[in-house]
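The values are calculated or read from the model by the stated rules, or taken from the named source; none is laboratory data. Note that the structure is predicted; figures quoted are calculated from it, not measured. Cβ atoms come from the backbone with ideal geometry, glycine included; neighbour counts cover every protein chain shown.
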Amino acid sequence: MSKIRFLIIFLLTALAALLVTVNVLAQDPAPTTAPLVSISDNDVNLVAKKLYCPVCPNTPLDVCETKACKDWRAQIKDQLSQGWTEEAVIDYFVTQYGERVLAEPERGGFTSLVWILPVLIFALGLVMVWLVLRSWRSKRISQPAVLAPTPASSGLSKSLLDKIEAEIRKVD
């Protein structure tokens with residue numbers, strides 16, 4: 001009995017698979033809504049320079065010669081020839097591979113620090129240089145140059161200085 005049940009289940013499964021295949025083959029191909037447009041390599045590179053290579057670190061897609069980059073450029077060319085806009089192509093790659101493929105991070109949220117932080121650091125550096133130069137100048141102006149101490153300015157009496165000089169001469 002189990003052999004008959006197995007045979008019936010097998011035949012029903014095969015029949016269902018056949019019906020699905022016939023249904024798919026009977027459909028018309030999807031119509032193209034936009035006519036294909038001739039796209040030059042410059043058009044492709046304008047989009048590709050805004051993306052980074054998925055394999056090579058810090059390499060723009062328009063100059064990378066890896067197989068992955070060549071495939072991406074071919075895909076960009078196909079998408080542009082189908083009437084996709086530059087933004088749509090870039091959005092597609094960001095959706096597929098994440099924001100790491102962008103040559104320029106989006107200017108919003110946490111990534112805005114990438115744009116603001118260098119300017120702030122540069123401004124802070126200029127302020128620090130200005131403060132240091134100002135402090136040097138104020139020290140130079142407020143403290144006259146002292147060439148050599150004189151006995152009167154040392155705070156020691158003349159007799160004490162004479163005794164010290166005498167002791168030094170004895171040692172020599």
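Considering only residues that are in a loop (DSSP other than H, G, I, E, B) and within 20 Å of the chain's Cα centre (by Cα), look in the stretch 60-85 and name the one that is nearest to ILE39 (Cα to Cα).
Just the residues of the stretch 60-85 that are in a loop (DSSP other than H, G, I, E, B), to begin with: 61-66, 82-85.
Of the ones still in play, those that are also within 20 Å of the chain's Cα centre (by Cα) are 61-64.
Values: LEU61: 17, ASP62: 15, VAL63: 18, CYS64: 20 Å.
Selected residue: ASP62.
When residues of the stretch 62-74 are filtered for being modelled with pLDDT under 85 and either in contact with a Lys or Arg (Cβ under 7 Å, 6 or more places away or on another chain) or among the basic types (Lys, Arg) (or both), how many remain?
Residues that pass the stated criteria total 1.
Among VAL171, VAL146, VAL132, which is the only one that is β-branched (Val, Ile, Thr) and at pLDDT 85 or above? Walk me through how you get there before you give the answer.
Values: VAL171 fails: at pLDDT 85 or above; VAL146 fails: at pLDDT 85 or above.
The match here is VAL132.
What are the pairs with Cβ atoms under 8 angstrom where one residue, in the stretch 68-90, is farther than 19 Å from CYS56 by Cα and the other, located anywhere, is in a loop (DSSP other than H, G, I, E, B) and of a type in the set (S, T, N, Q)? Sequence gap at least six, or different chains.
Between residues of the stretch 68-90 that are farther than 19 Å from CYS56 by Cα and residues that are in a loop (DSSP other than H, G, I, E, B) and of a type in the set (S, T, N, Q), the close pairs are SER81/SER38; GLN82/THR32; GLY83/THR33.
Which one of the conditions (1) more than 29 Å from VAL114 (Cα to Cα); (2) modelled with pLDDT of 80 or more does ASP28 fail to meet, given that it meets all the rest?
(2)
Could you list, in sequence order, the residues of the stretch 75-103 that are modelled with pLDDT under 85 and among the aliphatic types (A, V, I, L, M)? Can you show your working first?
Here is the first cut: in the stretch 75-103, the ones modelled with pLDDT under 85 are 97-103.
If the condition is that a residue be modelled with pLDDT under 85 and among the aliphatic types (A, V, I, L, M), then VAL101, LEU102, ALA103 are the ones that fit.
Within the group PRO57, PRO118, which residue is more than 21 Å from SER38 (Cβ to Cβ), out of contact with any helix residue (DSSP H, G or I) (no Cβ under 9 Å at 6 or more places or on another chain) and in a loop (DSSP other than H, G, I, E, B)? Break it down stepwise before answering.
Details: PRO118 fails: in a loop (DSSP other than H, G, I, E, B).
PRO57 is the lone residue from the list that is more than 21 Å from SER38 (Cβ to Cβ), out of contact with any helix residue (DSSP H, G or I) (no Cβ under 9 Å at 6 or more places or on another chain) and in a loop (DSSP other than H, G, I, E, B).
Tell me, please, whether a residue that is modelled with pLDDT under 85 and part of a loop (DSSP other than H, G, I, E, B) can be found in the stretch 40-47.
Yes, because at least one residue in the stretch 40-47 is modelled with pLDDT under 85 and part of a loop (DSSP other than H, G, I, E, B).
Which number in (1) of a type in the set (Lys, Arg); (2) at pLDDT below 80; (3) part of a helix (DSSP H, G or I); (4) surrounded by 10 or more Cβ atoms within 10 Å (Cβ to Cβ) marks the one condition that LYS139 misses?
LYS139 satisfies all of (1) of a type in the set (Lys, Arg); (2) at pLDDT below 80; (3) part of a helix (DSSP H, G or I); (4) surrounded by 10 or more Cβ atoms within 10 Å (Cβ to Cβ) except (4).
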